[in-house]
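A.B. asks: Supplied in structure tokens, the structure appears directly below.
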Amino acid sequence: MARYTGPTTKKARSFGEPIYGYDKYFERRKYQPGQHGLSKRRKQKSDYALQLAEKQKAKYTYGVLERQFRRTFHNATRRHGVTGEVLLQLLEARLDNTVFRLGISPTRNGARQLVCHRHITVNGHVVNIASYTLKPGDIVAVRSKSKGLEVITTHVGAKTSDVRKFGWLEWNPDKMQGTFLSYPQRDQIPENINEQLIVELYSK
């Protein structure tokens, strides 16, 4: 399965949430996509359907492929702690997600592109693997040669006084670098995902 590149508003409407961030078009039509719109009667979903939908929502939110997501889940089961919470921690520790959280890019797709195009460094070394998993203490920065890029300066400059702050990250706007301090606790992660349903799905 290839990564989803279709209309994001349509996908957000299918889940009933703006999973890609604020979307003015989603705000106008907060109902399921389709020809019949609000008039279509929705059947009550089975437990399996609810579990599958939650897994799909997490996948699309973080931009992860099916095989990658399954591998991440299995890695979570091998670690100490609550599996669902550890799963979200590993997803949050991805390099592309951290670039997005630091405010270097307005979207995860944009953050993934910056990483793949070698504009991001980790601990001083260029890393072009979007799924690279960060460890506490790792320093994520914009590459020296890329600090003047308009796509980066426009967004970082606009967010200088209002950078999105998260307890597990520290951002230095002068050096254009951030530190991954620790894995986030569940109550720190803003995504509206019921990770327990995902655990139940993979436990079948």
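Every number here is computed from the coordinates shown, using simple stated rules; none is lab data. All values derive from a computational prediction rather than experimental measurement. Note: ideal-geometry Cβ built from the backbone for every residue, glycine included; neighbour counts use all protein chains shown.
A.B. asks: Applying a 10 Å radius around every beta-carbon, put 54-61, 140-147, 192-199 in order of their mean neighbour count, most first.
C.D. replies: Result, highest mean Cβ count within 10 Å first: 54-61, 192-199, 140-147.
A.B. asks: Beyond 26 Å, what share of the Cα-Cα pairs of the stretch 68-204 remains, rounded to the nearest whole percent? Please list the in-between numbers first.
C.D. replies: On the way: 2193 of 9316 pairs.
Looking at the stretch 68-204, the distances longer than 26 Å represent 24 percent of pairs.
A.B. asks: Still on this structure, please answer the following. Helix hunt in the chain: which complete DSSP H runs extend at least 27 Å axially by C-alpha with mean Kyte-Doolittle at least 0.5? Let's see the in-between values first.
C.D. replies: Working: long enough: none.
In the chain, no H run is both long and hydrophobic enough.
A.B. asks: Also, I was wondering about something else. List every residue whose amide H lies under 5 Å from the amide H of HIS117, counting only residues 5 or more places away in sequence or on a different chain, with H placed 1.01 Å from N in the peptide plane.
C.D. replies: Distant-sequence amide H within range of HIS117: zero hits.
A.B. asks: Also: Given Cβ point charges of +1 (Lys, Arg) and -1 (Asp, Glu) and nothing else, what value in debye, to the nearest 20, does the dipole of the chain about its Cα centre take?
C.D. replies: Values: 36 positive and 18 negative charges, 175 e Å.
So the dipole magnitude of the chain works out to roughly 840 debye.
A.B. asks: Which residues does the label zone of ILE129 cover in the stretch 65-109, counting backbone N under 12 Å from a point 7 Å along Cα→Cβ?
C.D. replies: Residues passing the 12 Å test: 95.
A.B. asks: Continuing with the same structure: Among the listed pairs LYS145/LYS165; LYS11/LYS45; LYS145/LYS175; LYS135/LYS165; LYS10/LYS57, which are separated by more than 23 Å between their Cα atoms? Could the numbers behind the result be given before it?
C.D. replies: Working: LYS145/LYS165 26 Å; LYS11/LYS45 18 Å; LYS145/LYS175 13 Å; LYS135/LYS165 18 Å; LYS10/LYS57 13 Å.
Table pairs above 23 Å Cα-Cα are LYS145/LYS165.
A.B. asks: Just want the ordering: LYS165, LYS43, from fewest to most Cβ atoms lying within 10 Å of their own Cβ.
C.D. replies: If I rank by nearby Cβ atoms, fewest first, I get LYS43, LYS165.
A.B. asks: When the Karplus curve 6.51 cos²θ - 1.76 cosθ + 1.60 is applied with θ = phi - 60°, which whole-Hz ³J(HN,Hα) does each residue of the stretch 171-182 get, with x for Gly and Pro?
C.D. replies: Here the 3J(HN,Hα) series is 10, 10, x, 5, 8, 6, 8, x, 10, 7, 6, 6 Hz.
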